[in-house]
Amino acid sequence: MEANIEFRKQVMEHHIEPDLIKYCYQCSECSDNCPITAVTSDFNSTKGYNPRSNIITALLGHKDLLLNGDELGIWGCTVCVTCDEVCPQKIELTEVFAFLKNQSIALGKGPASIYNQAKAVYESGKAIPPQPAIERRRGQLGLPPVVTPDVNEVQTLLKNIGSAKKLK
Ligand code: SF4
Ligand code: SF4
């Protein structure tokens, strides 16, 4: 597979210290401590979420391998920031992953689940739309009803930052 040099350059530029990311020596501290890798991978399989391999793939400029709409690929990261804290080379992996996710959406190559989640926020103002069962359970637990957000305000915000267009 051919490296995309322009993409590699963009990845490096989006790291807080562009040169630092080159010093990833694939030690696996990030993957060994990533909670998503822990629940999605096993030792007998190359499947699952892996921040170490995402970093090397980005550094090699393999854009198509990363931005392919895979549900887990670059999207498994929940931005818990553990990898940033344990990397011996002080690489801020989450900055690189934020760039990759933004690129994926800009190119219309995000996974369906992400668009569906964003659509739910656009339509209901909530990541998890209101459900009678949830409200009933809250009532049983003595919790107050969830305040209904101002959906128009949310939609205006999303339109102003250009997200509404990307949802289409
Ligand atoms: S912990 Fe840092 S140096 Fe080690 S593989 Fe991950 S990004 Fe590379
Ligand atoms: S920030 Fe993402 S990649 Fe890093 S440890 Fe957390 S879930 Fe894993």
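The values are calculated or read from the model by the stated rules, or taken from the named source; none is laboratory data. Just so it is clear, the model here is predicted, and its values are computed rather than measured. As a convention, Cβ positions derive from the backbone with ideal geometry for all residues, glycine included, and neighbour counts pool all protein chains shown. Remember, those area values only see protein heavy atoms, side chains included, never the ligands or the DNA or RNA. Shrake-Rupley method; radii C 1.70, N 1.55, O 1.52, S 1.80 Å.
With the alpha-carbon atoms of the chain aligned to their principal axes, the span from lowest to highest coordinate is 52, 35, 28 Å, starting with the largest. When the charge dipole of the chain is built from unit charges on Cβ atoms (+1 for Lys and Arg, -1 for Asp and Glu) and taken about the Cα centre, the candidate among 120, 7, 49 whose Cα reaches farthest toward its positive end is 120. Applying 1/(1 + (r/R0)^6) with R0 = 22 Å to the Cβ-Cβ distance of residue 102 and residue 126 gives a FRET efficiency near 0.45. With respect to the chain, whose longest principal axis is taken over its alpha-carbon atoms, helix 151-160 is tilted by about 30°. From most to least packed by mean Cβ count within 10 Å, the peptides 67-80, 138-151, 116-129 give 67-80, 116-129, 138-151.
Of all lysines in the structure, the ones whose alpha carbon falls short of 17 Å from that of residue 126, not counting any fewer than 8 places away in one chain, are 159.
Computed over the chain, relative contact order equals 20 percent, with contacts defined as Cα pairs under 8 Å that lie 6+ residues apart. Protein heavy-atom surface of the chain, 1.4 angstrom probe: 55% of the accessible area is carbon and sulfur, with nucleic acids and ligands not counted. The mean accessible area for residues of the chain, using a 1.4 Å probe and ignoring ligands and nucleic acids, is 64 Å² per residue.
The calculated P(r) of region 112-167, using every Cα pair and 5 Å bins from 0, goes 4, 19, 23, 20, 14, 10, 7, 3, 0 in percent. Taking a straight Cα-Cα cut-off under 30 Å and skipping sequence neighbours fewer than 8 places away in the same chain, the lysines within cross-link reach of residue 47 are 9, 22, 63, 90, 101, 109, 119, 166.
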